[in-house]
Amino acid sequence: MDTGLTTLSEKDIAKHITTAQSLVTRLVLLEASTGKSKTELAGTKRRFVSTVSTSGTRSSREVEFTKSLSSIKADDSMLSPVQHGILFKTRRAIAIALAVSDEFAKQTGLDTLRDKNASSSLSGDEADRYRGLLEASAYVAAFTASAYLHQMVEAAGEPANDIAEPVFNFDTPQDALKTLVGGLDGEAQQSSDDTVLQSRIRAFADDAMEELLARKSRFTGLGSFEETHLRLESDGFELNGFDVAPGAKSKPLVMTFKKPDEIIGNHIAKYQAMKLAKMLMAYDFDRQLNPFVDLGGFLFTFIGDGAPGTGKTILIQMIAGLIHDYCQTAGYGFTYENFGIDQISSYQGKSGQSCKQFINNVINPRTIGFGTVDDIDQVAAKRSDDRASAGQQEVTAVLMESFAGATTVVRGNCSFGMFSNYPENVDDALRQRAGARWLVDGPQSRDDYIDIFVLLAGKNHDIPLGKHDLYSAQIIKDAVSTAYGEHNTPQEEGLAKIHEKFSKENSLKTMADVGTYLHMIKKVEPRFTGRAIKNVTDAIKMRAMDIDLPDEWFEKPETFMHKPYDDKKAMIEELRGPFDLEIVMQEINRYADSEFRYTDKSDNAAVEEIIRRERQRGKAIDKIEQMKKDGHWDG
């Protein structure tokens, strides 16, 4: 479902092809002088820079973008396929931008003012409004063209880091696009081959978008465009107002999906994952809000930890598969992205940019999103780790700001999962930004191991099952009830001691008793901060919303998913129940257990390292003594 969708017509774009062609062929720019000579120094692509200041003077420059592209390979006047693609996409970007500026003119009444101004000059407030809207339409045209190139040009090779700063003229849409072409022309002239050309063109488009977004507050009349949702079906291009990552070109999701009955064990993690998939589908595109955010209990971030081979990957495949199937039923767009170690760059700032792009792609309010960071202990570094790369530190900063920063807005259309075999190696502040902790410990009981072996062995045999009720231990409601019940008392030794002391000195009847227990935990575990309490209360609210949304709601979109926001909220509220002290203690123990588990793992790793070093030291002393006896020691 596309709410407020405007489909761009090829007929409207075709009206501007002639203008677009003229701009990529030849245009004259009037621009401020930079002090650079227009003549290249022999044998280089650099130009002479005068020592005499010429700032403030303006000069004209002839721009022939087609010619600049063809001159990249001096021995071949014909455009290569890459060069032709850049030229075609630039012309297409200009034509689309002019069509979008026409649409903006209709929305704001600029077209009426333009017609009035053509017959007689406007004056007073009308003249001011006309001038302001004309500049705004130029801004919209420049942003649209930059966004189109950002989406359609795929950068190759290493990122360019010496891009000229974009300079815009916002007198009219054509003037803005002329300056954009002038900037692209400069990058083409600095390109030595097609790979560099793609990288520089894409980088310039990205810089242009950043520059434009930084200036947005200077323009009036852009409010209506903020809510505009434009789509060009033939190119797969979308423009969602001024989103930083407008409508990334949709690609089919290629993944081996797993069904819930293919996961053995991990009962609480599997149960909450199934709930999360249904929660996301309650999102209302019209209101851009999810009732679960309004009512409490929405899971924006979570961390799953467990030993290698316990089922973290298969859990990701299950969540993505469930959301994908629900979105296909509802007709919603689904965005899944994983941020991995391969996206850490040696170029300063690039890792942070890539991570921010990953976040922006997932939080796009026009789609349902699910983002994962697998092996987060390798991708994001502890801030105290001086052995970590600058790229890892950048990723940590971006994730912290995005998951619970001053500008973080949770709409309820997406969720992020962090997964790790070694969560104790994740920065404490980042780990505490995970609203839920999922222990992914795989099959545990004898029944679990029988079930998983039968499942994986398949049916190509005649071996009898034996005395066992197959998969009865995996019945989700019974398994989850048992798993939650295990947290009535703590699992970790450190927390168990606190719980024992609390039980001897206090009863658990009031909110004050709960606060006393939390304070006792804090005195032993300093990382049990206010943010930890918030995560606990969010988990309690989620348990209060521990409702199993009926499967029938998701079989046909009109039953629930396409209903208005208020109707969806009312349907969910009818199923909601209160929470009690048993749920409170279970969630406190679940969360605190994870903190003690991480601390114990971290301490044990440090102890093992000390023991290893002492053993090495002992061996070294013995070897030195032997070398002294043999007369080989000269230290």
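The values are calculated or read from the model by the stated rules, or taken from the named source; none is laboratory data. As the structure is a prediction and not an experimental result, all values here were calculated from the model. Note that each Cβ is placed from the backbone with ideal geometry, even for glycine, and that neighbours are counted across all protein chains shown. Surface accessibility is based on the protein's heavy atoms, side chains included, excluding ligands, DNA and RNA. Shrake-Rupley method; radii C 1.70, N 1.55, O 1.52, S 1.80 Å.
Annotation: lysines with alpha-carbon distance below 21 angstrom to residue 467 (same-chain offsets under eight excluded): 459. Here the relative contact order of the chain, from alpha carbon pairs under 8 Å that lie six or more residues apart, stands at 12 percent. Using a probe of 1.4 Å, the accessible surface attributed to residue 7 totals some 80 Å² when neighbouring protein chains are kept in position. The Cα center of region 569-583 and the Cα center of region 104-148 differ in position by 52 Å. Accessible surface computed residue by residue for the chain, with neighbouring protein chains in place and a 1.4 Å probe, gives 50 Å² per residue.
Amide H of residue 338 versus every other amide H placed in the peptide plane: which residues, excluding those fewer than 5 positions away on the same chain, fall under 5 Å? Correct list: 372. For GluC sites (Glu not before Pro), the sites in region 78-159 that DSSP calls loop and that have at most 13 other Cβ atoms within 10 Å are 154.
Only protein atoms count toward the accessible area here, which uses a 1.4 Å probe; on region 332-438, the carbon and sulfur part of that area reaches 45 percent. Measuring with a 1.4 angstrom probe and ignoring ligands and nucleic acids, residue 469 comes out at about 100 Å² accessible.
Using a basic spin-label model with each label point 7 Å from the Cα along Cα→Cβ, how many nm lie between residue 165 and residue 552? In this crude spin-label approximation the distance works out to 6.4 nm. Taking amide H positions as placed in the peptide plane 1.01 Å from N, state which residues far from residue 228 in sequence (5 or more) or on other chains have amide H under 5 Å from it. Those qualifying (amide H under 5 Å, at least 5 residues apart or on another chain) are 241.
Here the 3J(HN,Hα) profile of region 372-383, calculated from phi with Karplus coefficients 6.51, -1.76 and 1.60 at θ = phi - 60°, is 10, 10, 7, 6, 5, 5, 8, 7, 10, 9, 5, 5 Hz, Gly and Pro shown as x.
Taking 0.36 nm per residue of separation and subtracting the Cα-Cα distance, full extension of the segment from residue 567 to residue 534 would add 9.0 nm. Carbon-plus-sulfur accessible fraction, region 487-635 (probe radius 1.4 Å, protein heavy atoms only): 52%. 3J(HN,Hα) along region 323-330, derived from phi through the Karplus expression 6.51 cos²θ - 1.76 cosθ + 1.60 where θ = phi - 60°, amounts to 5, 4, 5, 4, 5, 5, 5, 7 Hz, with x in place of Gly and Pro.
Sorting 271, 347 by solvent-accessible area of protein heavy atoms yields 347, 271, largest first, with a 1.4 Å probe.
Between residue 580 and residue 9, take the C-beta separation as r, use R0 = 56 Å, and let me know the FRET efficiency to the nearest 0.05. Let's see the in-between values first.
Values: r = 58 Å, r/R0 = 1.04.
It comes to 0.45.
A straight line joining the Cα centroids of region 408-462 and region 361-399 runs 18 Å. Solvent-accessible area of residue 256, all protein chains in place: 90 Å² (probe radius 1.4 Å, heavy atoms, ligands and nucleic acids excluded).
With θ taken as phi - 60° and the Karplus curve 6.51 cos²θ - 1.76 cosθ + 1.60 applied, the whole-hertz 3J(HN,Hα) list for region 579-589 is 9, 10, 5, 5, 5, 4, 5, 4, 6, 4, 5 Hz, x standing for glycine and proline. Residues whose amide H falls under 5 Å from that of residue 427, counting only those 5 or more places apart or on a different chain, are 382, with hydrogens built in the peptide plane.
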